[in-house]
Amino acid sequence: MISPLHRLTHTPFHVQAAGHTAIARVGCCHGGDEVSLGEDRRNLETPQVHKVLHNETGLDAETVPRMRTEPLLPLTANSLRIAGDAAGSEAAALDHLFRQHEPRPSADASAAHPIRRIVSINDVHVSAGRNPTTHRIDPLDQFLPEQEQQFLRFMMREWLKAAGATASEEAIHRFGDLPWQELPKIESIRSLLRHRPEASHQLTLNLNGDILDFLQTTADSAGVRYPDGVLPGLRAPRNTPANAIVQLNVMRRGHPEFFLALALHLGLGHNIDFIPGNHDRALFNPLVWSGQLRIEGKELHGFAGIVQDDILRLGFSQADTQKALVRLRRLPLTMYGDAYFDHGDHSDADNRPRRPWKELYQPSAMHQEMQGALGDHGVQLGAQDLIAYRPTFAERWNQPAGLLDVAHAPGLAARMAFGYLKATLRDGYQDSEADDLDRRIEDARALPGLIPDMVEGINAFRNSDKQLTVEAIAEALASIEAASATPFFSKVPVNAGIGRRTLGIMTRSLLGRSPSHEEKWGQRVSEIHARLGANAIFQGHTHAAEDRTFVNEEGDAIRTLNAHTWTNQQGSFSQAAVRTWSGSSRGVGVVEVGRTAEGNFWTHHELMRVCDLTGRLNAGFFDEIDQRPSEKRRARRFLERIFRREPQSMASQIGLACAFSPPFSHGAHRCEPPRYPHRAVRR
């Protein structure tokens with residue numbers, strides 16, 4: 001395995017560990033061969049799911065579980081030195097912190113071969129695309145032809161890998177040429193994907209939210225009429241299932257190759273797990289997912305129907321198409337081994353509606369308004385006009401250069417600001433904030449009974465002694481929801497005016513009653529690890545590439561990964577991706593699952609990226625952030641408390657006395673890396 005201390009170099013390196021060699025490039029994109037994930041794998045180690053404890057918040061004690069309040073500690077160079085002092089050596093400290101991730105190499109070489117490979121993308125933001133009449137790309141569309149070419153060639157490489165097949169670069173390049181002059185011939189594709197069972201594996205495409213963008217698909221597309229109309233004086237269609245079905249068909253018309261690639265993926269026998277995010281939340285409504293709408297003599301289908309039509313268009317039989325649709329799952333979250341996936345918007349108060357899962361339990365009727373978050377209304381009531389006039393604003397709104405766009409359109413900028421003020425009035429709680437929380441927790445608790453596919457996914461790659469019951473998963477999701485952000489509209493009564501709402505927000509901020517995004521994110525990550533046994537947590541939403549490791553109060557290391565975006569809109573929560581990833585990089589989360597010779601599951605996870613139009617995967621990203629003096633003092637107290645619980649030094653327990661050269665020095669390391677998976681360690 002690759003030591004986290006090695007990941008700071010920006011050149012190719014070889015690391016010998018436990019009898020295997022891993023080769024990687026870190027820090028920049030290269031046009032060479034694809035990067036191996038390494039041959040060592042680790043056993044899936046799942047902590048016992050904790051019993052649900054109740055808090056003392058004044059809310060219903062039977063409903064609201066107690067949350068962990070101790071913030072997670074970033075595993076940085078400084079905290080690693082402190083842990084090394086307390087444990088006897090840095091290697092011993094790391095061995096302890098990553099004990100649940102510890103690799104168990106098997107003598108059987110075949111055990112290193114995965115049985116399932118999962119590739120995850122998020123924040124693609126497919127919207128209206130290319131207008132078939134004018135051939136112009138919609139200014140609100142962020143999934144441009146370059147990104148679409150990268151996606152198509154990336155998927156072709158994954159299909160080849162899954163089949164154990166090879167193809168010429170010319171064939172792969174041709175597959176990504178846009179627009180397709182004719183549909184791919186299934187016979188030719190199957191011939192290209194010559195199947196070698198001994199080298200093949202199952203492939204799952206995880207679509208981890210904001211793949212489709214209902215907020216950026218507007219009334220501007222030629223020849224499109226929205227049955228429930230648009231907001232007065234604006235370009236935004238009303239948020240109803242009927243309008244959303246029309247929007248889906250506009251997306252398909254503007255990005256036919258993207259939808260056909262999803263259909264081809266399913267037709268070839270692979271799986272898709274779709275986790276809607278805040279921009280494609282409408283897919284939770286069953287009509288938008290699999291319903292139909294008759295309008296102006298035409299029958300329009302929801303998402304599953306569009307995919308079904310495209311599978312048939314590609315030439316698959318009706319029987320094969322029905323089998324393929326079984327492999328398309330819509331999920332609120334999922335797991336593969338010890339790797340957990342959700343979009344990441346549940347830590348963001350402004351982008352959560354009062355009941356995030358409402359459309360699963362009480363779906364809106366075809367022409368009824370669906371519930372939205374503050375951010376949804378803000379985009380619809382103001383931001384769309386400015387972005388349509390100045391498309392660069394979508395990419396640099398959080399940078400000084402964004403002021404240039406505002407200066408070029410002060411009227412539209414003022415309209416955007418006014419629109420967000422109006423958005424704050426669109427909703428509010430009916431009874432109390434506590435009632436809203438109770439309702440969200442009950443919705444979360446009921447999810448396992450409502451979605452058996454989610455339970456199956458959580459347990460699919462767990463050893464028999466680590467399987468979770470439906471009841472245990474239900475209580476876990478209730479605890480995770482209690483740790484999630486309180487939606488903006490759950491903080492204000494529905495009849496409150498703008499003055500009362502503004503005063504309430506300011507009061508919460510001044511009194512410290514409004515946790516930050518980072519605080520809620522940390523609490524949620526802690527609960528996901530403790531309740532579901534997740535050692536790696538994949539999310540998106542922020543458009544910022546991250547690969548970080550944290551330590552909780554039990555001394556467990558938790559890896560968090562964010563797979564960036566497939567658009568040019570960089571994230572504002574962290575500038576790390578802007579500094580480290582080139583503008584053409586598109587993030588991909590990768591999980592591989594297999595079995596050891598003893599029959600136990602192992603999982604391996606990585607943050608990777610597609611860097612250019614070849615569609616090749618390259619090594620991902622590490623996050624490197626300095627700690628302030630106050631954080632260093634907290635790190636010392638936190639880690640010494642963890643290692644003080646040990647009866648003797650970790651070094652003597654484990655028998656490791658190896659000491660590294662100073663962390664992040666670029667000199668040669670003087671000993672073999674410890675036996676833990678490679679991790680990003682921050683300064």
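So the values come out like this:
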| read-out | value |
| --- | --- |
| Test set (1) under 30 Å from Asn459 (Cβ atoms); (2) polar (S, T, N, Q); (3) at pLDDT below 75 - Ser652 fails condition number | (1) |
| Odd one out for Ser120 among (1) assigned to a helix (DSSP H, G or I); (2) out of contact with any helix residue (DSSP H, G or I) (no Cβ under 7 Å at 6 or more places or on another chain); (3) modelled with pLDDT of 90 or more | (1) |
| Criterion (open to solvent by 20 Å² or more (accessible area, probe 1.4 Å) and not in a loop (DSSP other than H, G, I, E, B)) met by exactly one of His265, His173 | His173 |
| Qualifying residue in the range 565-587 (condition: at pLDDT below 95, out of contact with any Phe, Trp or Tyr (no Cβ under 9 Å at 6 or more places or on another chain), of a type in the set (S, T, N, Q) and open to solvent by less than 10 Å² (accessible area, probe 1.4 Å)) | yes |
| Helices (runs of 4 or more DSSP H) contained in the range 358-462 and holding at least 3 residues open to solvent by 60 Å² or more (accessible area, probe 1.4 Å) | 402-408, 410-423, 433-450, 452-459 |
| Sole residue being out of contact with any strand residue (DSSP E or B) (no Cβ under 8 Å at 6 or more places or on another chain) and of a type outside the set (Asp, Glu), chosen from Leu203, Leu207, Leu215 | Leu215 |
| Residue ID - nearest to Arg252 (Cα to Cα), chosen from residues in the range 280-312 that are assigned to a loop (DSSP other than H, G, I, E, B) and either open to solvent by less than 30 Å² (accessible area, probe 1.4 Å) or at pLDDT 95 or above (or both) | Gly302 |
| Boolean, Ala242 is outside any strand (DSSP E or B), touching an Asp or Glu at 6+ places or on another chain (Cβ under 9 Å) and under 27 Å from Met454 (Cβ atoms) | no |
| Whichever residue in the range 487-504 is assigned to a loop (DSSP other than H, G, I, E, B), closer than 21 Å to Asp438 by Cα and open to solvent by less than 40 Å² (accessible area, probe 1.4 Å) and, among such residues, is modelled with the lowest pLDDT | Val492 |
| Matching entry among Phe154, Phe175, Phe143 (being at pLDDT 85 or above and in contact with a Gly (Cβ under 6 Å, 6 or more places away or on another chain)) | Phe154 |
| Residue list for the range 403-455, restricted to those being under 17 Å from Glu475 (Cα atoms) and without any contact (Cβ under 8 Å) to a residue 12 or more places away in the chain | Pro452 |
| Unmet criterion (only one of (1) over 28 Å from Val591 (Cβ atoms); (2) touching a Leu at 6+ places or on another chain (Cβ under 9 Å); (3) modelled with pLDDT of 85 or more) for Ile458 | (1) |
| Whichever residue in the range 537-548 is closer than 30 Å to Ala92 by Cβ and at pLDDT below 90 and, among such residues, is least open to solvent (accessible area, probe 1.4 Å) | Asp547 |
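The values are calculated or read from the model by the stated rules, or taken from the named source; none is laboratory data. Model, not experiment: these values are computed from the prediction. We place every Cβ from the backbone using ideal geometry, glycine too, and count neighbours over all the protein chains shown. Side chains are part of the model used for accessible areas, which takes the heavy atoms of the whole protein and leaves out ligands, DNA and RNA. Shrake-Rupley method; radii C 1.70, N 1.55, O 1.52, S 1.80 Å.
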